[in-house]
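Enquirer: Please find one structure pasted underneath; my questions will follow.
Computed from the coordinates by the stated procedures, all read-outs in this text should not be read as laboratory data. Note that the coordinates shown come from a computational prediction; the quantities given were computed from them, not determined experimentally. Because the Cβ atoms are built from the backbone with ideal geometry, glycine has one as well, and the counts that use them run over all protein chains shown.
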Amino acid sequence: MLYQPYPKNWPIYTPRDKLADWLEQYVGSQDLIVWTNSRFLPVPSYDFNAKRWTIVVDKNGTHVTLHPAHIILATGSLGRPLIPEVLDKHLFRGISLHANEYPGGRSFAGKHVVVIGAGNTSADICQDLSFHGAHVTMAQRSSTCVVSSNAILEFLLHLWPEGVSTETSDFKFAALPLLLLKKLAVEGGEQFWAREAEMHKGLEKAGLKLNKGIDGSGQYPLLLERLGGEKLIESQRIRELMTVQDIVCPCTRDA
């Protein structure tokens, strides 16, 4: 974080509450102005003489006019749940909910549950349901790019090693053009995927349909171009996922 890096003892895999607490104190210590429940109203205009924008922000129901020099669009990769319209949904007498509303597996003990999708969220929910005694069917709509967390960790530690500033390390990876990044990933793909072969063999035996990203370039370009269809599996969970007897993966591809 700018002006205030994480402590040396910060965990590699940060719990969500710990990160939220860190951001909250960061706002205070860096004297930042943060508005929640706020959104831009259309349409911002730019004054080329003054080199300033004019924008109106709906701040929790109050319209505020601002004249900033820059506007940074940093909305993240996630938004509101996308819930498709299903024909005759009212005929289904069971419980139907989005993963965003998942209350935990305890209330589904002994019940038959279908989980649509085969990404990170789906696998976590299936594992939790199975642990609590539900009979789970995972429906995989299209193939998934699966990479072990150990491989990703080793890759990231190579790019951002201890003792090297983040600003310096960024040029090794983050500043590379996407097409060049994909080309390098494809060229080194054979060696990378060979290390994942045992895990992939087990997952395919369990019925999971796999892919190696766009043109074999792996997870990261797939994440940037499609923002979906990939999965990161923690190594200690791989054997568990491959041996859970109640999980069935009927594999079909979407058009």
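Enquirer: At a threshold of 8 angstrom on Cα-Cα distance, excluding pairs fewer than six apart, so keeping six or more, what relative contact order does the chain reach in percent?
Expert: Working: 285 pairs, mean separation 43.8, N = 255.
Computed value for the chain: 17 percent relative contact order.
Enquirer: Moving to a separate point now. Could you pull out every one of the lysines with an alpha carbon less than 21 Å from that of Lys89, ignoring same-chain neighbours closer than 8 positions?
Expert: Of all the lysines, those that pass the test against Lys89 - Cα under 21 Å, at least 8 places apart if same chain - are Lys111.
Enquirer: Report, by chain and number, residues whose modeled amide H sits under 5 Å from the one on Asn211, excluding near sequence neighbours (fewer than 5 apart, same chain).
Expert: Under 5 Å from the amide H of Asn211 lie the amide H atoms of Thr144, Cys145, Val146, each far enough along the sequence or on another chain.
Enquirer: Mind giving me the nanometre distance, one decimal, between the label points for Glu24 and Ala139, set 7 Å out from Cα along Cα→Cβ?
Expert: That separation, rounded to one decimal, is 3.9 nm.
Enquirer: Quick one: length gained pulling Phe171 to Glu198 fully straight, 0.36 nm per residue minus the C-alpha distance?
Expert: On the way: separation 27, 0.36 × 27 = 9.72 nm, distance 3.29 nm.
That pair, Phe171 and Glu198, stretches by 6.4 nm at full extension.
Enquirer: Dipole size in debye (nearest 20) for the range 30-132 around its Cα centre, Lys and Arg Cβ +1, Asp and Glu Cβ -1?
Expert: Values: 9 positive and 8 negative charges, 22 e Å.
My answer is approximately 100 debye.
Enquirer: Which of Leu129, Leu153, Leu222, Leu23 has the fewest other C-beta atoms within 10 Å, and how do the rest follow up to the most?
Expert: On the way: Leu129 25, Leu153 15, Leu222 22, Leu23 12.
By the 10 Å Cβ count, ascending: Leu23, Leu153, Leu222, Leu129.
Enquirer: Considering only Ser45, Ser122, Ser169, give the residue with the highest GNM mean-square fluctuation for the chain, with springs between Cα atoms whenever their separation is below 10 Å.
Expert: Judging by the Gaussian network model, the answer is Ser45.
Enquirer: Which of the following values of Rg and Dmax of the Cα atoms in Å was calculated from the structure shown: [x] 18.7, 59; [y] 20.4, 64; [z] 22.5, 68?
Expert: Evaluating Rg and Dmax of the Cα atoms in Å on these atoms matches [z].
Enquirer: Assuming 0.36 nm per residue, please report the length gained on full extension of the stretch Tyr6 to Lys89 beyond their Cα-Cα distance. Let's see the in-between values first.
Expert: Numbers: separation 83, 0.36 × 83 = 29.88 nm, distance 4.77 nm.
Once the chain is fully extended between Tyr6 and Lys89, it gains 25.1 nm.
Enquirer: Collect residues whose amide H, placed 1.01 Å from N in the peptide plane, falls under 5 Å from the amide H of Ala118; neighbours closer than 5 in sequence don't count.
Expert: Hits under the 5 Å cutoff: Arg141.
Enquirer: For a 29 Å ceiling on Cα separation, which of these pairs sit above it: Lys172/Lys205; Lys172/Lys212; Lys182/Lys209; Lys51/Lys182?
Expert: From Lys172/Lys205; Lys172/Lys212; Lys182/Lys209; Lys51/Lys182, over 29 Å: Lys172/Lys205; Lys51/Lys182.
Enquirer: Tell me, Tyr220, Tyr6, Tyr26 in order of fewest to most beta-carbon neighbours within 10 Å?
Expert: Tyr6, Tyr26, Tyr220
Enquirer: Roughly how many debye, to the nearest 20, is the charge dipole of the chain about its Cα centre, given +1 on each Lys and Arg Cβ, -1 on each Asp and Glu Cβ, and no other charges? Mind showing how you got there, number by number?
Expert: Values: 26 positive and 27 negative charges, 89 e Å.
The dipole magnitude comes to about 420 debye.
Enquirer: Among Glu154, Glu85, Glu167, rank each residue by its count of other Cβ atoms within 10 Å, from fewest to most, as a rough exposure measure. Could the numbers behind the result be given before it?
Expert: Working: Glu154 11, Glu85 5, Glu167 8.
Lowest to highest Cβ neighbour count: Glu85, Glu167, Glu154.
Enquirer: Pick out which of Ser165, Ser38, Ser217 has the largest mean-square fluctuation in a Gaussian network model of the chain, springs linking Cα atoms closer than 10 Å.
Expert: Per the Cα network of the chain with a 10 Å cutoff, Ser38 tops the list.
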